[in-house]
Structure formats: C-alpha cells, structure tokens
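Have a look at the structure below, then the notes.
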Amino acid sequence: MQKIRIFFYIILLISYTSTSIFYGNEKKENDKKNDLSFLKDIIKYRSNIQEHDIKEGKSYLEGQASIEYKNSKIEADYIEFNWKNGDLYAKSNEKSVFLRTENREFFFSKIHFNLNNEIGEAKDLYVKEKNHIIIAHDIIKRKNDFLMKKITYISDPFFLKKKDDFPDFYLKTNYLKYSFLKKSIFSGPILFYWYGVPMPIFLPFLYIPSKSKQPSYGIIYPKFGIQNKRIYMEDFGLFFPISNFLNFSITTSIYNIEKWKIQTSIKYKFKHVDHGLINYNFYNQKEKDFLFQWEHNSDFKSDSEINFHANVNYDNLFHKDAIFSYINIRKKFSNYLWFIDFYMIQNHEKKEIQFIIPEFILHTYNILLNKKYFVNRINFENRFDFQNLTNFCKTKDFYPKLNHDMSVTAYFPFFDPYLRISSKILYEDFYMWNFPYFDFSSFQKINLSTNVVSIPFHKIWKIKNTMLLKHQIKPILFFHMIYYPPIFYNVKNHFEKRINFILNNDWIIKNSWNHYKKVEILKEINTSFMINDSLIKWENFHIMGNIDLIKNFKAKYKSGINFEKNKTTYFDFYLSSKHEINLIPVKDKFQKKGKNRYDYFFFDQKNYAKYPIPINLKIDFHLNYKKNLFKKQQLFNTFLNLNGSVNITKYWKINFNTDYDVLKNKIILANIIFNRDLRSFEMSLNWIKNRSWSFFIGLKDPNFRNIIQYNEKN
C-alpha cells in the first residue's frame, strides 16, 4: 500500500539536515546576541587569498575557499564571513558551492545566511541520492519556516548515471513549506512530466508529517488497473490519529458497481504492548461478507514473566478452507512453564466452528547432575495437557481431553568417548470424554529406549601427495521396547520390541589447493527389526544419498521398502543442474566499439551492433516410483522442470518456468514473463498457460510505482 506521504520524503530529510546550514552552527555561550567572535577560535578555514578586517570583524576568502564548523563544511570560490553578527555569504562562478553535513552532500550556486538570527537563503539546490535527484531554485529560511520554490524530482536511471543530459520523466512543484513548529511539510500542486511535456496526472497538494513518535495524518494514494476491460481502483483512503496511542486508517477498493470493499484498521501501542492491530473489512460481491481480525502481543517483564498473544480471525462466509484463531497466555518460572490457550477453527467444508476452551498446559523440566556414579546426567520432563473441544454445528458436542507425558533420560559414561549411551523411559497417558453421549476412551503407553552412538570410523588415502581421500562411517544403534496396557483394546500386540540401525557414510575429498568437499554418494542406511515371540522380523529398509561430484550438477535419491505396512516399495530421484551460457562472446569476435543510443556496443564489419545474450538455465528432473505389493498398486511419475531467463537484447528479458510430464508427454505448467526496460518505466507481460495473463507498465521508482501505472489482467 503506497502512501502519498512517501512522495518527496527526501525533502523532509533535506529539511532536517539543511536546518543545520542556517542555525545548527549557533552557540549561545555569549550573552550578547550580536557578538559571535568566539567562532574565530572554532571555525577552520583556508583559501588561496585571505583578507581580514579586524575593525569590521570580517574575513574574505577567495580561491578554493573552505570553512569547516563541527560536522559541516562549505567549499566555494568566494566566502565572506562576519565574525560579529554571524553573516556568511558564499558563491561560485563556474562550479557550485559544495556543502557537506555529516554524511550528506549538497550543491548551491550561492548561500547567504546568519548564524545568529536563523534567517537566510540559498539559490539552486542540487542533491543527488542513490535513486533520485532533488533540484530547487530558491530556498528561504525563516525563524519558524523553511521554504523551497520551483522543485524538481528526477529518478531517471539514465540521467543519474549521466548516460543522457535530459531526464525522460520528472516531477515538479512550485512551492514547498516545512514548519518547524508543526513538524510537517506542505506543498502546492505536483505535476508529472514526460520528456518535458506535462502528463494529465497531478496531485492537488502534498502533506507529509514528520517522522516522529506522534501520530500522523495523510492520504493513501490508490492503485489503478484494468481487469476484464474495466478500470478498477484499489486501496484509496485516509489515515489519522485517534490519540497518542491509536492510529486509524480506512481504505476502499472499487472494481465495479457490484464488487467493492472497505477496509478499516486501528493500530495501537502501549507500555507493555509491542504490537496491537484491529481490522474490520467489509466485502460486497455476490454475497455480503465481513472479516474481523485482532492481533495483540504483550510482554510483562518482571520476576515471573507473563506473555499474552492473540490472533483472532472471523470470516462471515467461511471463504478459506480453515480459519485459525488463538489466544495464548504463558507464564515462565525457573524450571517450568504453564500455558492457557483458547482456539477457534472455522471449517469451510462442514460450515462449522470448533472451539478449544480452554487448553491448559503445564510443562516442567529438571536436570540432575551426578558424575560420581554411573550416570553423567539425568533429565526429568513432565507435561500435562488438558483441553476441551466444542463443535458448533447442528449438534453441540463437548470433548474434554487429558494428556499426560512423563519422561526420564539418563546419560551413561561407559566407554566414553568411543560410545555415547543414553536411556529413556517415556510414559504417555490419554483420556477423553464425549458429552452428551457419555462415551469414554483412554490410552496408555510405556516406551523404553536405549541409544548407542559410536564415534566415526575413518580411513585416509593419499593420492600422489596432492589429494586426500577420507572415508568416514558412523554407526548408531537404537533399542526400543513399547508396552500397551490391556485397556487399549485396539492394539493386538501389547508388547512391542524393535531394533533400529543407522549407518552414516561420508566421503571427504581435500586437494592440495585447500579445496574441501564432502561427497555423500551413500549418505545413510536406515533399517529396523521387530522382535516378537523369539523371532526377528525385518520391518523396513531405507537408503539415501547425494551426488554433486560435477560442477553445477546435483542429484539426490532415496529408496526403501516397508515389509510390515502393506509391503510398500518406493524410489525417489531428484536431479538438478544449473548453467550460465553466453550465446555471443562479443569481446572475442568483434573489436570495433561504438556508441548506440545510450550504451556502448561492439559492431561487426557491417556496422550491426552485437551484444552478449546471457542465458541462465536450471533443469530439474524428478522421478518418483511407489508400489504396494499387497494391493498390487503402483505409482510412477516423472517431471521435468525448466526454469531460467534470457536477455534477448540489452533491454528485453524473458523469464520462463515450465513443468513437463515425461510419461504423459504433456506440459503441466507454462509461465512466461516478458520484461522491457523503459528507462524510468518498466513493462512486463505475464502469461500462464490456460490460466491467466497480466500486463503492467509503470515507474521503476518504488515510491511511485503504484501511482503511475497501467495494469491489466484477465
């Protein structure tokens, strides 16, 4: 959302720094208003020719003259300074008067101001920033006001880079006033010019409040476009303060008589409130709809921290699949946390609202160190989670739930550092009630596990004293034992035992020029076994790896089989390749160089301009295979993606993105974007196959991109 207040924001910065030109050098150490003789001991000056009139209290500097005072420096051909009344006059015949204030630079034809009474004037201001230039004919400083006349704003990149002597696009206003009391900027009508011709677009006035902590007023300038051969307007409105802590904004968007929307927003910030926002949006389409949103973030910092967060959303017509809202209160103590949460979920498919009121969580965590005996450390963790789920639909159901998780983890020092052993006991308890049907269900589980992690084993080979090859293997072994109490009748086996084995496998290459590369041709092998009735069954087997041996070439693969779950096998392969190509290496073939339009090109013998045509191309190939041996079903997909860009000329660029199904011989997605550089403007055409297209032409300057544009989409 672009705001008019962004326009000429550089003027505001100039006014702040330029103020020091007129009165920033004032130093009230002497009670006599017209005696500034102390400055002669503070100001540094130099010039080719110097004259000093002690009786009049004046200094005359001529020829490469300069004066430095605090953080300001003035350079000119001629400088006259009155030590008694503070008058300073500087001018240049050929070059401009140069002024540097801290990190900013200004140019004038002449300056005349007084350090004592804060009054002065300057001619022909010129300020060059990174993306724009400000030019003003007259500058007048009064005691409470700062006036600028005949102002021009230029953002043409060709003009900024001195590729052209005249800008193609610029803005003008005849009057601008900065008030030191009100801390604001006000201007007259602002006109837009295209190659010196006024455009039929203007702003009647400009009001910019200063960047202060006080609330501000302003206009939100709209964005115009064309859709289905109709002009639409988006985000036109106002913003103003309600108080020192509340800011209000209202915007409207009109697409046609039957389709429009109004958006209102209130932003607030208090002592302990980092962020607060209340939005109410009303939509008039086929059906009238409204959206309410509330965001809040508070942190009460004290001995016991309390955090309050809220994100509440309500859509009258359930437009989205699911709308999620929550209110969270968290309190933190030394070794435990407690949460109180409230949730609301709007379900689009069922047209119902679910509430979780409340959810209460208590989480404790303790660490016990005991290095003298058989354990290095013991971690105790406990978590209680209670929530009440309510469905508001045709029937109102209540589902209170209680979860309890408790775990104890111990770390043993045996065989350290060769083997790192840890054991964990996890107890899970779950209860749920269903009202008004008075159904009850419960679930308990005890999980005992032991992990054994070995240090990496490695082997190093030297190849002709120029390269080192290191092979590293790191085995990890997991023992799991799960017990389900008999009350959970859905599980056939109440006692499960499992062994997991993971083998990390890495190849590391290091050459003589300190090049280090990690190759993961076989990155990981993961397998597990089920132990039941003194029998060991192979449960699953997985293998994965990465291949990037060649420059700009990467490949990943993953394959495996599940013996227990429907006997499913799968294979997933991904290949990626990046290329940068230049179709015409002009520097090697063409030696003749000349200027064509705004840039330099190489020319062939027939005087045709030749320029490089760079192509950036990324090729992704994805193969996915999955087969269910039990149901005799299989899935096989292969996709080819081409993503890149090509500069067909100096100012034309094409971006493309294509998804192609190799097996079906069908293009799934085709997106082509044409971009044209038009100096101050840019043009783009975005086309998506069988879906949509859009055309845009507007300013490059981000401050005015949405103000002057032509945007059509279908």
How large, in percent, is the carbon and sulfur part of the accessible surface of segment 625-714 at a probe radius of 1.4 Å? 56
Between residue 545 and residues 5 or more places away or on another chain, which pairs have amide H atoms under 5 Å apart, with H built 1.01 Å from N, and which residues are they? 523, 557
Sort out for me the Cα centre separation of segment 458-484 from segment 549-564, rounded to whole Å. 18
Coil-residue chymotrypsin sites (Phe, Trp or Tyr not before Pro) of segment 326-358, DSSP, other Cβ within 10 Å capped at 16: 333
Residue 188 neighbourhood, Cβ < 12 Å, K/R = +1, D/E = -1, net charge +4
Tell me, in nm to one decimal, what length is gained between residue 273 and residue 705 on full extension, where the rule is 0.36 nm per residue of separation less the Cα-Cα distance? 152.1 nm
Alpha-carbon centroid distance for the pair segment 379-434 / segment 54-88, whole angstrom: 79
Hypothetical label at residue 55: residues of segment 80-102 whose amide nitrogen lies under 18 Å (7 Å Cα-Cβ projection): 82-85
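For segment 69-113, what does the alpha-carbon gyration tensor say about shape, rounded, prolate or oblate, given a ≥ b ≥ c as the root eigenvalues, a/c under 1.5 as rounded, and a/b over b/c as prolate? Spell out each step's value before the answer.
On the way: a/c = 2.43, a/b = 1.12, b/c = 2.17.
Oblate shape, in that a/c is at least 1.5 and b/c is the bigger or equal ratio.
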J(HN,Hα) series, segment 409-421, from Karplus relation 6.51 cos²θ - 1.76 cosθ + 1.60, nearest Hz, glycine and proline x: 10, 10, 10, 9, x, 4, 6, 6, x, 6, 10, 10, 10
Pairwise label distance in nanometres, residue 494 with residue 339, each label 7 Å out on the Cα-Cβ vector: 3.3
Amide H to amide H, which residues 5 or more places from residue 218 or on other chains are under 5 Å from it, using H placed in the peptide plane? 239
Go through segment 351-360 residue by residue and turn each phi into a ³J(HN,Hα) via Karplus (6.51, -1.76, 1.60, θ = phi - 60°); whole Hz please, and just put x for glycine and proline. 6, 9, 10, 10, 10, 10, 9, x, 10, 10
A 30 angstrom limit on the alpha carbon distance is what I want to check against. Which of 130/618; 172/593; 149/700; 143/700; 462/554 exceed it? 130/618; 172/593; 143/700
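How high is the FRET efficiency from residue 143 to residue 163, r the C-beta distance, R0 45 Å, rounded to 0.05?
Numbers: r = 43 Å, r/R0 = 0.96.
With a Förster radius of 45 Å, E is 0.55.
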Quick check: pseudo-label points 7 Å beyond the Cα along Cα→Cβ at residue 399 and residue 477, how many nm apart are they? 4.3
Show me, for segment 494-510, the HN-Hα J-couplings you get by feeding each phi into the Karplus relation (A = 6.51, B = -1.76, C = 1.60, θ = phi - 60°), rounded to Hz, glycine and proline as x. 7, 9, 10, 10, 9, 10, 10, 10, 10, 10, 8, 10, 10, 10, 10, 10, 9
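The values are calculated or read from the model by the stated rules, or taken from the named source; none is laboratory data. Fair warning: this is a prediction, and the values are worked out from it, not measured in the lab. Glycine also receives a Cβ, built like all others from the backbone with ideal geometry; neighbour counts cover every protein chain displayed. We work out accessible area using only protein heavy atoms, side chains counted, and drop any ligands, DNA or RNA first. Shrake-Rupley method; radii C 1.70, N 1.55, O 1.52, S 1.80 Å.
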